[in-house]
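First comes the structure, then the notes that go with it.
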Amino acid sequence: MQIRGYKVVLAAALAATALSGAAFAADPIKVGVVTPSTGTFAPIGQQVRWALELAAKEINAAGGIMGRPVTLIVEDEETTPATAVQKAEKLFQVDNVDFLTGTVNSGATLAVGQLAERNKKL
């Protein structure tokens with residue numbers, strides 16, 4: 001049930017990105033995943049990662065979003081807001097992701113959300 005929800009949310013956000021016209025059809029849609037792989041919330045982070053990987057696999061198998069494949073770039077937030085912000089900044093500035101997802105604790109979510117807003121990204 002939860003995987004289906006991630007697939008719907010991921011597909012909707014990716015469709016909005018694809019419709020922006022800012023990229024060519026062959027360019028992948030890059031999704032930054034800032035989720036814990038270590039620390040207290042690592043088991044939840046693993047479930048988030050599995051759900052997003054499954055959603056991306058199914059979307060890509062169906063031809064992507066408007067012909068654009070989905071690429072996930074995963075970073076370990078180590079269950080700390082400060083690390084989550086550092087990893088999100090790297091995803092925006094170095095990896096040039098189109099948007100972020102994956103945070104599981106409220107502190108990281110709020111901090112990364114503010115960073116995304118400053119970068120004019122979802």
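The values are calculated or read from the model by the stated rules, or taken from the named source; none is laboratory data. Worth saying up front: this structure is predicted, and the values here are computed from it rather than measured. Backbone-built Cβ (ideal geometry, glycine too); neighbour counts: all protein chains shown. Side chains included, ligands, DNA and RNA excluded: accessible areas come from the protein's heavy atoms. Shrake-Rupley method; radii C 1.70, N 1.55, O 1.52, S 1.80 Å.
Taking the conditions exactly as written (open to solvent by less than 70 Å² (accessible area, probe 1.4 Å) and either of a type in the set (Gly, Ala, Ser) or at pLDDT below 95 (or both)), does ALA62 satisfy them or not?
No; evaluated as a whole, the condition is false for this residue.
Collect the residues in segment 81-103 that are touching a residue at least 40 places away in the same chain (Cβ under 8 Å) and surrounded by fewer than 16 Cβ atoms within 10 Å (Cβ to Cβ), keeping them in residue-number order.
ASP95, ASN96
If I ask for residues that are under 18 Å from GLN47 (Cα atoms) and more than 12 Å from the chain's Cα centre (by Cα), which ones from segment 81-103 would you list?
Across segment 81-103, the qualifying residue is only ALA84.
Considering each residue of segment 56-80, count those that are over 21 Å from PRO43 (Cβ atoms) and in a strand (DSSP E or B), and give that number.
5
In this structure, is LEU72 under 14 Å from the mean Cα position of the chain (by Cα) and open to solvent by 60 Å² or more (accessible area, probe 1.4 Å)?
No: the conditions fail for LEU72.
Go through segment 31-61 and report how many residues are of a type in the set (S, T, N, Q) and in contact with an Asp or Glu (Cβ under 8 Å, 6 or more places away or on another chain).
3
Which residues, counting only those in segment 16-53, are loosely packed, with under 15 Cβ neighbours inside 10 Å, in a helix (DSSP H, G or I) and modelled with pLDDT under 80?
ALA16, LEU19
Please give the number of the condition LYS121 fails out of (1) more than 13 Å from the chain's Cα centre (by Cα); (2) open to solvent by 50 Å² or more (accessible area, probe 1.4 Å); (3) not β-branched (Val, Ile, Thr).
For LYS121, the exception is condition (1).
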